[in-house]
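**Student:** Before I ask anything, here is the structure I am working with.
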Amino acid sequence: MRLVEDRDDMTGDAVAEGVSLWDRRFLRVGIVGLVASIACAAAAFAALSPALNTGDETAHMDYAYQVWMGHLPVFEHGLLWKPPAGSVPPVQWEAQHPPLFYLLAAPIVGPLINGGHWLAATMAGRAFCVVIAAACVLAMSWAGSLVSTRRRLAWAITVPAVVAPMTLFMRVGGSFYIDNLAVFFSALALGVAILVVRFGLTPRRVVAAAALAAAGMLTDASFAVTLLVLSGALVLGVWLHDDRKWPARIVRSAVVGAIPLLAAAAASGWFYLRNKHLTGSFTGSHSEWSKAHLHRVTTPFSQVATSERFWKANLQLFRQNAGLHDRISPILIAVTVGCAVAGWLIQLTRRRFDRRMAAVVLVLVMQGLGTLILEIGFTSSGGSINARYLLPALLPLGCLLAAGILALPRYLAGPALAAFLAFAWSFFLRWAWAQPVVNGTRWSGRTANNVPWVLVLIALAGIVVGALAQAISLAKVTGFPAHRLLGSAHRGRRSSFVTSS
């Protein structure tokens, strides 16, 4: 059984004859390893990071609880739920977020909070976010597989594999934050956008675009970048694949391009109008309060964009804290990104780069640039510098790093991914090992959240096993000739036997 794939992209160098069923089984091994790695890492972080150690997490928990109690929070009213430990903010500064995430989480945390089990409620909420993180890597695997039409399995493994160890993604997966749900919808939306520009519009893709636009904007306002990219991709899909005369294409592209925007407005417009009514802005920001109480000031956009501090903070993709690998981390990240950019340039010189592949790259670039501009604008308006705000660009960033690995000779892709994962996961493994043990050793004691430390050790082992599974899977689907080497050895032994006889 073979699946013959198209050859119009810039990455094919290993699987020109097709993809066997055996390769697809190895893909499943890689995906299982991927889910195991991110789930174990996020769960380990959830167990080790003290519950409610940031005011943001407490406010997110309170928002879910208020939804469970039947109403939406208001900034000035503060928190309804005030736990006996952790950081409790003076106002409800997460009230500006749309309610979809909290609506999904409310049945999980609400009853536990009502029962007085604040720690259990927090850990249950974190477990919910671990599941979302696992769903994110599956979504990015699917979307990544669409970037190439000839090496889909290799991209399906590599893109989420290089993303999973990133601190900004993995730590949110082990905390009660809304960001990764927006990443999930963003990855799916970008996948639909890539499908449209590659293969054209279908009723199912238009419906999917509308549904994802609605869900994304009902999760986080930062999804607006993806919404515009998705709408633009639908317009571009009409012009790339519709053979009718240009007046008809103008009408059709205007209609389909407006569908995601209208779906988003219908689903979440009421909430942003509520923000406008309560705060004077659609985003619900309170810049004057932040200036007075958090000592944040506005900064010119150009000054933020050229700030060394801004870029240094965003380059710490894998570092777990300021004291760990502080000197080598920025250098290694710069080298890794440089190799990835070189990989893309190599791909461009190797393969035909037609207009459909150009459209795919355009979708990814616009998502990445739009997210970066949004982060700079947020910081210039008085917001804090935080690499977490780059999460909507996770898929383009993953594709960039994956291209660097897949540009190598095909027999080196698997070992290169293994080396990358060893580097990337080492930051988290060292951070986790350095965390304190309560009442005993790592085999008998507990974490700060009263979780047995031995479960953390099992999770850390799961990260390593999952990473090995991903590297082995990539090595197989990119053509590592293990079976040929074994076959040659077998033939050599047989020849020696016949000669001696």
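The values are calculated or read from the model by the stated rules, or taken from the named source; none is laboratory data. Predicted model only: the values in this text are computed from it and were never measured. Note: ideal-geometry Cβ built from the backbone for every residue, glycine included; neighbour counts use all protein chains shown. Note: areas computed on protein heavy atoms with side chains; ligands, DNA, RNA excluded. Shrake-Rupley method; radii C 1.70, N 1.55, O 1.52, S 1.80 Å.
**Student:** Pick from Q92, Q96: which is at pLDDT below 95, assigned to a loop (DSSP other than H, G, I, E, B) and within 23 Å of the chain's Cα centre (by Cα)? Walk me through it before giving the result.
**Tutor:** Details: Q92 fails: within 23 Å of the chain's Cα centre (by Cα).
Selected residue: Q96, the only one of Q92, Q96 that is at pLDDT below 95, assigned to a loop (DSSP other than H, G, I, E, B) and within 23 Å of the chain's Cα centre (by Cα).
**Student:** Could you tell me whether any residue of segment 228-250 is surrounded by fewer than 16 Cβ atoms within 10 Å (Cβ to Cβ) and small (G, A, S)?
**Tutor:** yes
**Student:** Related question: Can you pull out the residues in segment 187-214 that are in contact with a Phe, Trp or Tyr (Cβ under 9 Å, 6 or more places away or on another chain) and surrounded by 22 or more Cβ atoms within 10 Å (Cβ to Cβ)? If you could, list the steps in order and put the result at the bottom.
**Tutor:** Taking segment 187-214 as the starting set, the residues that turn out to be in contact with a Phe, Trp or Tyr (Cβ under 9 Å, 6 or more places away or on another chain) are 187-189, 191, 205, 212-213.
Result: A187, L188, A189, G191, L212, A213.
**Student:** Within segment 167-204, work out how many residues are of a type in the set (D, E, K, R) and in contact with a Leu (Cβ under 6 Å, 6 or more places away or on another chain).
**Tutor:** Of the residues in segment 167-204, the ones of a type in the set (D, E, K, R) are 171, 179, 198, 204.
Then keep just the ones that are in contact with a Leu (Cβ under 6 Å, 6 or more places away or on another chain); that gives 179.
Of the residues in segment 167-204, 1 are of a type in the set (D, E, K, R) and in contact with a Leu (Cβ under 6 Å, 6 or more places away or on another chain).
**Student:** For segment 454-467, does any single residue satisfy the condition of being open to solvent by 70 Å² or more (accessible area, probe 1.4 Å), assigned to a helix (DSSP H, G or I), at pLDDT below 65 and farther than 27 Å from Y411 by Cβ?
**Tutor:** No, the conditions are met nowhere in segment 454-467.
**Student:** Select from segment 127-184 the residues that are among the small types (G, A, S) and part of a loop (DSSP other than H, G, I, E, B) and write down the one among them that is nearest to the chain's Cα centre (by Cα). Don't jump to the end; show me each part of the working.
**Tutor:** Within segment 127-184, the subset among the small types (G, A, S) is 127, 133-135, 139, 141, 143-145, 148, 154, 156, 161, 164, 173-175, 182.
Those still in the list that are part of a loop (DSSP other than H, G, I, E, B) too: 148, 164, 174-175.
Values: S148: 19, A164: 7, G174: 13, S175: 15 Å.
Residue satisfying both the conditions and the ranking: A164.
**Student:** List, please: which pairs have Cβ atoms under 6 Å, are six or more places apart or on different chains, and start with a residue in segment 236-248 that is under 22 Å from V363 (Cα atoms) and end with one that is open to solvent by less than 50 Å² (accessible area, probe 1.4 Å) and not in a helix (DSSP H, G or I)?
**Tutor:** G237/G200; G237/L201; H241/G200
**Student:** Could I ask something else about it? Among the residues of segment 424-439, how many are open to solvent by 40 Å² or more (accessible area, probe 1.4 Å) and either part of a helix (DSSP H, G or I) or touching a strand residue (DSSP E or B) at 6+ places or on another chain (Cβ under 7 Å) (or both)?
**Tutor:** So the count comes out to 5.
Condition check ((1) at pLDDT 95 or above; (2) surrounded by fewer than 22 Cβ atoms within 10 Å (Cβ to Cβ); (3) closer than 30 Å to V465 by Cβ) across all residues:
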{"residue": "V32", "(1), (2), (3)": "no, yes, yes"}
{"residue": "A51", "(1), (2), (3)": "no, no, yes"}
{"residue": "G70", "(1), (2), (3)": "no, yes, no"}
{"residue": "G78", "(1), (2), (3)": "no, yes, no"}
{"residue": "Y102", "(1), (2), (3)": "yes, no, no"}
{"residue": "A121", "(1), (2), (3)": "yes, no, no"}
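**Student:** Starting from residues that are part of a helix (DSSP H, G or I) and open to solvent by 40 Å² or more (accessible area, probe 1.4 Å), keep the ones in segment 53-68 and report whichever is nearest to P111 (Cα to Cα). Don't jump to the end; show me each part of the working.
**Tutor:** Residues of segment 53-68 that are part of a helix (DSSP H, G or I), as a first pass: 55-68.
Pick out the ones that are also open to solvent by 40 Å² or more (accessible area, probe 1.4 Å) and you get 56, 68.
Details: D56: 21, W68: 8 Å.
Of everything passing the filter in segment 53-68, W68 is nearest to P111 (Cα to Cα).
**Student:** Scanning for something surrounded by fewer than 24 Cβ atoms within 10 Å (Cβ to Cβ), assigned to a helix (DSSP H, G or I), more than 16 Å from the chain's Cα centre (by Cα) and among the basic types (K, R), does segment 397-412 turn up at least one residue?
**Tutor:** yes
**Student:** Determine whether L3 is open to solvent by 10 Å² or more (accessible area, probe 1.4 Å), modelled with pLDDT under 90, under 30 Å from A471 (Cβ atoms) and over 27 Å from the mean Cα position of the chain (by Cα). Before you say what the answer is, go through the steps one by one.
**Tutor:** Details: open to solvent by 10 Å² or more (accessible area, probe 1.4 Å): yes; modelled with pLDDT under 90: yes; under 30 Å from A471 (Cβ atoms): yes; over 27 Å from the mean Cα position of the chain (by Cα): yes.
For L3, the condition - open to solvent by 10 Å² or more (accessible area, probe 1.4 Å), modelled with pLDDT under 90, under 30 Å from A471 (Cβ atoms) and over 27 Å from the mean Cα position of the chain (by Cα) - is met.
**Student:** Where in segment 288-396 are there helices (runs of 4 or more DSSP H), lying fully within it, with 1 or more residues that are in contact with a His (Cβ under 9 Å, 6 or more places away or on another chain) and at pLDDT below 80? Don't jump to the end; show me each part of the working.
**Tutor:** On the way: elements: 301-305, 308-315, 328-350, 355-380.
Those helices (runs of 4 or more DSSP H) span 328-350.
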